[in-house]
Amino acid sequence: MSKLCTCLNFVCHRPAKLPKVKTEAEKALSAVNSLESLEILGKLLYNAAVQPKEEKFRKIKLSNNKIKQTITDVPEALNLLLTWGWERETSEGEEFLAIPVGKYVSMKDVRLIEDQKNEARKQAHKETVAALRAKA
């Protein structure tokens, strides 16, 4: 039964709540399930958002072992950064991901990462509980 209200002698329907349409970046983020990758992505984006003019926070060296394990070797994490506008660059034989000049990371992006980390933690907890119950 739809809820109706009477407004100035005529009947109107309350507006329907439309489902939120995810952006390409939000879709790419939801594909990242690795908590370790999300932790590193959160740190990288936070640093880039807080100190946007600091060049060292605007580049990610892809040959770094931790970056390789958590981003380069995790296609969803790498795709996320590329979707958010990071670009591949090569300098002196080293491959980087860099934020293009004129583009900045916002705290909204950092909060999206935090939300996804919380979802990944909840999912990991559910899986742990299910495994423990299966053993019992």
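Listed values, structure above:
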item: Computed FRET value (nearest 0.05) for Asp115 with Glu95, which takes r as the C-beta separation and R₀ as 35 Å; result: 0.75
item: Helix-only CD estimate at 222 nm, as mean residue ellipticity for the chain, using -39500 (n - 2.57) per DSSP H run (n ≥ 4); result: -14500 deg cm²/dmol
item: Cleavage-rule hits, GluC sites (Glu not before Pro), region 11-78, DSSP coil, Cβ neighbours within 10 Å at most 16; result: Glu54
item: Cubic angstrom per residue, convex hull over Cα atoms of region 39-90; result: 79
item: Chain lengthening between Ala131 and Glu26 when straightened (0.36 nm per residue, less Cα-Cα); result: 34.8 nm
item: Region 87-136 - Kirkwood radius from inverse mean 1/r over Cα pairs (Å); result: 14.5
item: Choice from Lys43, Lys20, Lys61 showing the highest fluctuation, given a GNM over the chain with Cα pairs closer than 10 Å; result: Lys20
item: Within region 79-136, chymotrypsin sites (Phe, Trp or Tyr not before Pro) in DSSP loop having at most 14 other beta-carbon neighbours inside 10 Å; result: Tyr104
item: Cα-centre dipole for region 19-114 with unit charges at Cβ (Lys and Arg positive, Asp and Glu negative), debye to 20; result: 320
item: Percent of Cα-Cα distances greater than 25 Å, calculated over the chain; result: 42
item: Long pairs among Lys17/Lys43; Lys43/Lys135; Lys66/Lys135; Lys17/Lys122; Lys27/Lys135, criterion Cα-Cα beyond 28 Å; result: Lys17/Lys43; Lys43/Lys135; Lys66/Lys135; Lys27/Lys135
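Every number here is computed from the coordinates shown, using simple stated rules; none is lab data. Please read these numbers as outputs of a predicted model, since none were measured by experiment. Please note: Cβ atoms are built from the backbone with ideal geometry, for glycine as well, and neighbour counts cover all protein chains shown.
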